[in-house]
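For reference, the structure discussed in these notes is given below.
The values are calculated or read from the model by the stated rules, or taken from the named source; none is laboratory data. In this text, all values refer to a predicted model and were calculated from it rather than measured experimentally. Ideal geometry is used to build each Cβ from the backbone, glycine not excepted, and the neighbour counts take in all protein chains shown.
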Amino acid sequence: MTKQQKAALVRTAGYLILLLGCICVLLPLSWMVITSLKSMADITLSRGLKLFPSGPTLGNFVNIWKEYPIATYIKNSAIAVGGSTIFGVICAALCGYGLSRYEFKGKAFLLNFLLVTQMFPAVMKIIPYYKILVNLHLNNTRSGLLIVYASFSIPFCTWMMYGYFKSIPTGLDEAARVDGSSAFHTFYKIILPIAIPGLVATVIYAFLQNWNEYMFASVLMSADEKKTITYAISTMADAYKIQWNYLMCAAMISSVPTLAVFVVMQKYLIAGMTAGAVKE
């Protein structure tokens, strides 16, 4: 077998793997969209797997908006996730810049500690978080959930910003100091604008991670008017009745913000995630 034939075989295998991956990703999404357009009768009376609805309808979206406080669920998620993302990214940017520019005793330990915190399963943290929020009278509040979500995202977001700031030459900081610029002014006016791709990538990561979170929201937010959209979807099914079309409608509504954020900012996400990975 010649080199050209081997290269063609490798390319073909790669395309087949990519095609299989696309099918694995798109098939559940397709099923979600199609089921959201089915009537309940179409679901319960069908025999076997019926791919397409006999009478597609958008009435499910109207009905679910009337029967459930979807707007309230989305607002709760937006407040908790939006606030935690903003707070977490600000902290991560400041910490990442400091770690990338200054040497101090214990720096390596701190970086490793931030990484180690991501190795513990989230289920181990439920009881400690719950006890802390109860003692602070923040359980069952959006503020308490905001703090929990921010604590999730800050460690890894700090690592992301640290890697991006490391790829920016320190000569810019030195030139700014020669011109009389303070450390914060250098960070805010010179370095941060250059780090916009990494900052956007960090925002996307924190937003997607927190928006899709279910476990902590289900434990820390018991009041119906405080539920997030991801937790509320799970409560739409009970032991006596499961309306799959309503569940899929809610899932589609929940997916819109994440898809919109990713589509709009995907080029920054790729640039930010790969920054600092290539060494000269």
Being at pLDDT 90 or above, over 18 Å from the mean Cα position of the chain (by Cα) and assigned to a helix (DSSP H, G or I) narrows it down to one of GLY88, GLY96, so name that one. GLY96
Matching residues in segment 210-223 - criterion: being in contact (Cβ under 8 Å) with a residue 60 or more places away in the chain and assigned to a helix (DSSP H, G or I): ASN210, TRP211, MET215, PHE216, ALA217, VAL219, LEU220
Does any residue in segment 128-149 that is at positive phi come within less than 8 Å, Cβ to Cβ, of a residue that is small (Gly, Ala, Ser) six or more places away or on a different chain, and which pairs are these? ASN140/SER222; ASN140/ALA223
Pairs with Cβ under 6 Å, 6+ apart, first in segment 19-33 and within 13 Å of ALA251 (Cβ to Cβ), second assigned to a helix (DSSP H, G or I) and small (Gly, Ala, Ser): MET32/ALA251
Restrict the check to segment 78-94 and report whether at least one residue is exposed (fewer than 15 other Cβ atoms within 10 Å of the Cβ), β-branched (Val, Ile, Thr) and out of contact with any Leu (no Cβ under 8 Å at 6 or more places or on another chain). yes
For the list (1) over 30 Å from MET40 (Cβ atoms); (2) buried (at least 18 other Cβ atoms within 10 Å of the Cβ), I need the number of the one condition that TYR73 fails. (1)
Name the pairs: first residue in segment 78-96 and not assigned by TED's automatic domain parsing to the domain that holds LEU146, second residue not in a helix (DSSP H, G or I), Cβ to Cβ under 8 Å, at least 6 apart or on different chains? none
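Let's see how each residue does on (1) surrounded by fewer than 22 Cβ atoms within 10 Å (Cβ to Cβ); (2) closer than 26 Å to PHE109 by Cβ:
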site	(1), (2)
MET160	no, yes
ALA176	yes, no
PHE184	yes, yes
ALA217	no, no
THR235	yes, no
ALA250	no, no
Among the residues listed as LEU27, LEU18, the single one being at pLDDT below 90, over 30 Å from GLY144 (Cα atoms), among the hydrophobic types (A, V, I, L, M, F, W, C) and loosely packed, with under 14 Cβ neighbours inside 10 Å: LEU27
Can you tell me which residue is nearest to the chain's Cα centre (by Cα) among those in segment 147-201 that are among the basic types (Lys, Arg) and more than 24 Å from GLN118 (Cα to Cα)? LYS189
